[in-house]
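Below is one structure, written out as structure tokens, with a few remarks after it.
The values are calculated or read from the model by the stated rules, or taken from the named source; none is laboratory data. What you are looking at is a predicted structure, and each value in this text was computed from that prediction instead of being measured. Don't worry about glycine lacking a Cβ; one is built from the backbone with ideal geometry, like all the others, and counts go over all protein chains shown. Accessible surface is based on the protein model in full, side chains and every heavy atom, while ligands, DNA and RNA are left aside. Shrake-Rupley method; radii C 1.70, N 1.55, O 1.52, S 1.80 Å.
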Amino acid sequence: MNTVFAPGRTLCGHGGVPLLWVRGRPVAANHLVGQVLRWCLDVRNTCIFWVLLLGSAAAWAGDYIEEQAWFEDQTEQLTLAEVQRQEFLPFDGVLNRGFGSAPIWIRIKIRAASPEKLQQESNSDLVLRIMPAHLDEIELFDPLAETSMPRRTGDLHAWSHDEFQSQFFNFKLPPQESARYVWLRLKSANVRSVHMTILDNSKSRRLDIHLDMIAAVYLGCMVLFLGWALSMYMAAPEQLMTFFVAKQVSAVVYTLYALGYMRILLDGLVPPAWINMSSNVWVLVFTFASLMYQWIFLKELRPPAWSLNLFISFALAYPLGFLLLANGYVQQAMQLNLVVIFLGSLIGFLNILIVREPTIADRHGSWLISKKVLVGTHFLIFSSLVVSVVSGIGLLSNSVFTLYMPLLHGLFSGVVLMYILQTRARQLLHRQVHLQAEFETMRATAQSERIFREDQQHMLAMLAHELKTPLSVVRMLVGKKDLTKNSIEGVQIAIDDMNVIVDRCLQAGRLTEDQLVLQKTLFDPLALLQKIVAVQKAECHIFCEAADHFSMYSDEQIVRIVFGNLIENACRYRKPETGIVVRLDEQSRGGRSGILLVVENQPGGAGFPDPQLVFSKYYRAAKAHRQSGSGLGLYLVAGFAERLGGSVQYVPDPIFVKFELWLPL
């Protein structure tokens with residue numbers, strides 16, 4: 001699980017920060033994470049944190065505790081007088097007795113107060129502070145007490161009844177000119193760990209300020225992580241982020257319990273016993289949410305099914321834990337929670353160790369980060385968790401900082417996993433851009449294939465329609481018993497028409513597939529025009545006007561097709577009994593020398609062409625379908641002219657159908 005340690009009600013961590021980013025704009029979240037990481041690594045902020053800690057340590061330096069000792073009452077029934085006759089075991093710093101139902105008695109020797117302290121008339125009381133803020137019941141026995149009423153504090157007692165109110169548990173003690181003993185009776189269903197200080201009133205308040213500032217920094221980081229998670233969820237509301245947000249919400253609420261703020265906030269609103277029970281519930285809620293989040297995270301790594309199932313099987317312990325809480329078995333529920341946390345974290349780390357890193361082609365999810373980085377960072381997180389567990393059950397140093405090792409683990413794991421998952425998010429964004437580019441390419445290819453397929457279907461339909469007439473002519477003429485000269489000429493004309501249609505389809509294919517390679521040579525365009533006119537004169541009368549002969553450097557075969565298509569189009573669709581006019585002159589455009597070919601004819605039965613569609617592929621005027629044709633002639637003229645570096649345009653005229661073709665020399 002690698003995220004949580006919460007023996008009793010000590011906050012252990014919030015896991016890490018996930019990120020699956022498939023849409024939205026991540027700039028703001030990236031900036032937020034960068035600011036968090038920079039803050040954590042900034043030397044000045046580190047110094048501020050240590051100034052707070054050292055300031056707190058300086059306050060502790062005025063501690064009035066001279067010696068401490070403890071005794072565990074296994075009978076749970078001893079009175080103070082009976083306890084005073086028992087043998088106490090001395091200890092320094094933190095006392096940690098782990099889980100247990102027996103009460104712990106602590107004997108504290110308070111050193112004598114200075115004469116100056118005794119002469120103070122105001123704020124002369126000493127304050128006995130007991131940490132951390134998750135102990136059920138603490139009772140004080142002080143020989144100098146002015147009242148015989150029991151003096152108690154703890155989670156089972158209202159915060160407003162505390163003698164000295166802060167986020168921790170406190171008692172007021174009068175100073176004395178000689179040393180004396182006081183006794184504490186500690187009982188808790190959670191981990192029985194405690195640290196005590198006795199300071200004068202002013203130092204206690206100053207220490208409260210230091211501790212509140214440290215708690216505020218920690219709580220602020222938790223809220224910041226939650227805010228980042230929410231922004232990520234709103235940008236990409238997917239399963240991993242849903243579980244992470246749920247975990248972070250439970251982490252923030254539990255932090256309020258662990259730092260003692262919830263006891264203050266709910267004071268007077270609900271009974272103290274309910275606050276105590278709800279804090280135990282949030283221990284399980286938080287760790288369960290962390291377990292479920294880690295399970296979703298591990299699923300992306302695709303470990304072996306048996307190891308992943310073993311990990312998630314620990315979730316079955318939580319219904320039992322809630323059942324134990326409901327029936328009053330708080331200690332057993334907290335012990336079960338501790339076992340699940342440790343074993344679940346261990347199995348989670350082993351899952352990361354045994355997964356096989358896929359190939360680049362198969363990578364997805366968390367595999368946007370290399371396995372080395374995942375193993376290294378999760379090893380650090382698991383190691384800090386082990387330190388937290390060992391500290392929680394009292395097997396590590398008895399320093400006061402060990403009480404809050406779980407909190408430090410939570411902050412450390414949060415920063416590390418935030419870095420991991422932010423790196424993952426950045427790589428995921430890069431992949432998303434790449435996939436988007438691939439998608440656009442595939443869509444363009446599909447669109448091109450669709451257009452090509454439609455073009456092929458259009459061409460086949462055109463061929464089926466336009467070849468029908470010449471084939472019918474051939475069938476009719478060949479079917480005659482006696483083939484006359486005119487019949488043979490009719491067959492030849494029909495075959496020529498079919499050849500023209502097929503040839504233009506091939507040329508259109510070359511142009512569409514960009515397979516046209518220009519073979520430029522030096523030739524005379526006027527001589528070329530005269531050859532074309534000579535062939536077409538058999539079909540119609542052509543009036544040709546041209547300047548003197550000159551040279552042109554271009555692809556002669558393509559120029560022949562362009563000239564021929566324009567003249568043939570004019571001849572085919574001219575008004576019957578009329579000719580066409582062809583003019584060829586030199587003309588410069590844009591500083592380039594060139595030729596201008598003008599072809600005019602009076603419109604026949606097909607009428608005037610549509611200026612917007614005249615150069616479109618397969619376009620034929622509505623009345624032009626009475627004659628055979630492919631609808632590709634002018635399309636080829638426009639395409640070939642562009643490839644030659646020229647242009648062609650239809651010039652509307654009230655009398656003539658007029659085309660102007662310009663080509664560079």
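To keep it simple, each residue is scored yes or no on (1) assigned to a loop (DSSP other than H, G, I, E, B); (2) modelled with pLDDT of 85 or more.
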{"site": "596", "(1), (2)": "no, yes"}
{"site": "599", "(1), (2)": "no, yes"}
{"site": "607", "(1), (2)": "yes, no"}
{"site": "613", "(1), (2)": "yes, yes"}
{"site": "631", "(1), (2)": "yes, no"}
{"site": "637", "(1), (2)": "no, yes"}
{"site": "641", "(1), (2)": "no, yes"}
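Taking region 308-339 as the search range and keeping residues that are open to solvent by less than 10 Å² (accessible area, probe 1.4 Å), modelled with pLDDT of 90 or more and not aromatic (Phe, Trp, Tyr), which one is nearest to residue 238 (Cα to Cα)?
321
Looking at (1) in contact (Cβ under 8 Å) with a residue 12 or more places away in the chain; (2) more than 21 Å from residue 325 (Cβ to Cβ); (3) part of a helix (DSSP H, G or I), find the lone condition where residue 209 falls short.
The single condition residue 209 does not satisfy is (1).
Is there a residue in region 145-153 that is more than 30 Å from residue 241 (Cα to Cα), open to solvent by less than 60 Å² (accessible area, probe 1.4 Å) and either assigned to a helix (DSSP H, G or I) or of a type in the set (S, T, N, Q) (or both)?
Yes, there is a match, as at least one residue in region 145-153 is more than 30 Å from residue 241 (Cα to Cα), open to solvent by less than 60 Å² (accessible area, probe 1.4 Å) and either assigned to a helix (DSSP H, G or I) or of a type in the set (S, T, N, Q) (or both).
May I ask you to list the residues in region 643-665 that are assigned to a loop (DSSP other than H, G, I, E, B), free of Cβ contacts under 8 Å to residues at least 24 places away in the same chain and farther than 26 Å from residue 521 by Cβ?
If the condition is that a residue be assigned to a loop (DSSP other than H, G, I, E, B), free of Cβ contacts under 8 Å to residues at least 24 places away in the same chain and farther than 26 Å from residue 521 by Cβ, then 654 is the only one that fits.
Tell me yes or no: at least one residue of region 217-235 is in contact with a strand residue (DSSP E or B) (Cβ under 8 Å, 6 or more places away or on another chain) and either part of a strand (DSSP E or B) or free of Cβ contacts under 8 Å to residues at least 60 places away in the same chain (or both).
no
Which of the following residues is of a type outside the set (Phe, Trp, Tyr), modelled with pLDDT of 80 or more, more than 28 Å from residue 132 (Cβ to Cβ) and open to solvent by 60 Å² or more (accessible area, probe 1.4 Å): 302, 363?
Residue meeting the stated conditions: 302.
Does residue 252 qualify as being within 22 Å of residue 337 (Cα to Cα) and open to solvent by less than 30 Å² (accessible area, probe 1.4 Å)?
Spelling it out, residue 252 is indeed within 22 Å of residue 337 (Cα to Cα) and open to solvent by less than 30 Å² (accessible area, probe 1.4 Å).
Report whether or not residue 510 is basic (Lys, Arg) and modelled with pLDDT under 85.
yes
Just give me the residues in region 127-154 being modelled with pLDDT under 90, farther than 24 Å from residue 89 by Cβ and touching a helix residue (DSSP H, G or I) at 6+ places or on another chain (Cβ under 8 Å), in sequence order.
Residue satisfying the conditions is 133 alone.
For (1) buried (at least 21 other Cβ atoms within 10 Å of the Cβ); (2) farther than 30 Å from residue 245 by Cβ, each residue gets a yes or a no:
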{"position": "163", "(1), (2)": "no, yes"}
{"position": "171", "(1), (2)": "yes, yes"}
{"position": "175", "(1), (2)": "no, yes"}
{"position": "212", "(1), (2)": "no, no"}
{"position": "221", "(1), (2)": "no, no"}
{"position": "235", "(1), (2)": "no, no"}
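Within region 265-286, can you find the residues that are under 38 Å from the mean Cα position of the chain (by Cα) and either of a type in the set (Asp, Glu) or in a helix (DSSP H, G or I) (or both)?
265, 275, 277, 278, 279, 280, 281, 282, 283, 284, 285, 286
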